[in-house]
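Rule-based calculations on the coordinates, nothing more; no lab input. What you see is a predicted model; the values in this text were computed from it and never measured. So basically every Cβ, Gly included, is an ideal-geometry build from the backbone, and we count neighbours across all protein chains shown.
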Amino acid sequence: MKIAIIYHSQGGNTKKVAQLIAEGAKISEAIEVAAMSIGRLDEEFINEAKAVIFGCPTYYGTFSWQMKKWFDTTKIDLEGKLGSVFATENYLGGGADVAELGLIGHMLIRGMLVYSAGCAKAGPITHYGAVTIKDGDEWQQRRARLLGKRVAEKAWELFAAGQ
Ligand SMILES: Cc1cc2nc3c(=O)[nH]c(=O)nc-3n(C[C@H](O)[C@H](O)[C@H](O)COP(=O)(O)O)c2cc1C
């Protein structure tokens, strides 16, 4: 089963977090994870992926315009895929939650199934998704890995278990 992580990153923070999420999502040999920037997408991999996790920096309190442009213009079919989100910001309260909700809106419109585990599992809570200040302190990075793991477990349960 394939899991794609699609991110926009100008300065490298979001790319680093994408890699942490990828580490967390690699829960077994049967799962292939690829993190890719919106400028260098492997469309075949995304088409085959059962889950897609999106991430970007917070710009002016919401998700980056580059990510918005990507969602507004992509022809990639995301329907029925499990989706989740992460966002980076410079300051606590800088708008990463709003950025994530904006991404989630696009994902719903594309017909994705949105999941983060939220507070349904024993802590730490993954809430709307993973948030880090820049590329995160140790705790934030742990949460990012955990989001990847939780999404991979849910995707396996939905799409692969028992097949
Ligand atoms: C145009 C612009 C607007 C930004 N606006 C915010 C903001 O509103 N809140 C915030 O906390 N950080 C803001 N930042 C900081 C970035 O969200 C943060 O540094 C992020 O981790 C950058 O990700 P990257 O290194 O992957 O590009 C802004 C950065 C830029 C370039």
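So here's what we get for this one:
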read-out: Beta bridge orientation in the chain: antiparallel %, DSSP, nearest 5; value: 10
read-out: Candidate lysines for bridging to residue 154, where Cα separation is under 17 Å - those fewer than 8 sequence places away on the same chain excluded; value: 2, 26, 50, 81, 121
read-out: D (Stokes-Einstein, µm²/s), Kirkwood Cα radius, the chain, 0.890 mPa s at 25 °C; value: 161
read-out: Global form of region 78-163, assessed from the alpha-carbon gyration tensor, a/c cut-off 1.5; value: oblate
read-out: Expected 222 nm ellipticity per residue - DSSP helices of 4 or more, -39500 (n - 2.57), all of the chain, to 500; value: -11500 deg cm²/dmol
read-out: Relative contact order, percent, region 2-160 [alpha-carbon distance under 8 Å, six or more residues apart]; value: 28
read-out: Highest-first arrangement of 5-11, 121-127, where packing means the average Cβ count within 10 Å; value: 5-11, 121-127
